[in-house]
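First up is the structure itself, then whatever we jot down about it.
A short reminder: the numbers here are calculations on the coordinates, not readings from a lab. These numbers were taken from a predicted model, which means no experiment stands behind them. Every residue, glycine as well, gets a Cβ built from its backbone with ideal geometry; the counts of neighbours run over all protein chains shown.
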Amino acid sequence: MSFIPGQPVTAVVQRIEIQKLREGDNLILGFSIGGGIDQDASQNPFSEDKADKGIYVTRVSKGGPAEVAGLRIGDKIMQVNGWDMTMVTHDQARKRLTKKKEDVVRLLITRKSLEETVRHSMMQH
């Protein structure tokens, strides 16, 4: 892991609920993912140590459901509607996110927040 010594690197865990947007027969989430246990983690720009095969958010559509819900590029998806997403293939991840019968997707994500940590610690002194 690469961080400045003495700097606390915290990953904030957040729950995000995305209401899918119905467009004809499609349910739109408004974000793209990268990663998966079947992918080359060294090609994933968001992978922590280039060995992390987790599922990451690679693109968020402007004004789309995911952006409105607060999802950000670089977020790591830990769970989708209670399903573990840390050990899935890219395809499994996509299928779990795009289930036709589900209008709402509940995500558990982790997000790096070095700046926020530093800001909070400054405010407390």
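Scoring 78-85, 104-111 by mean Cβ neighbours within 10 Å over their residues and listing the highest first yields 104-111, 78-85. Among 55-61, 38-44, 15-21, sorting by the average number of other beta carbon atoms lying within 10 angstrom of each residue, highest first, gives 55-61, 15-21, 38-44.
Would you mind getting me the FRET efficiency between D25 and D84? Use the beta-carbon distance for r and R0 = 25 Å, nearest 0.05.
Numbers: r = 29 Å, r/R0 = 1.15.
Once the sixth-power term is evaluated, E becomes 0.30.
Cross-link partners of K101 among lysines, defined as those whose alpha carbon lies under 17 angstrom from its own and excluding same-chain residues fewer than eight positions apart: K20.
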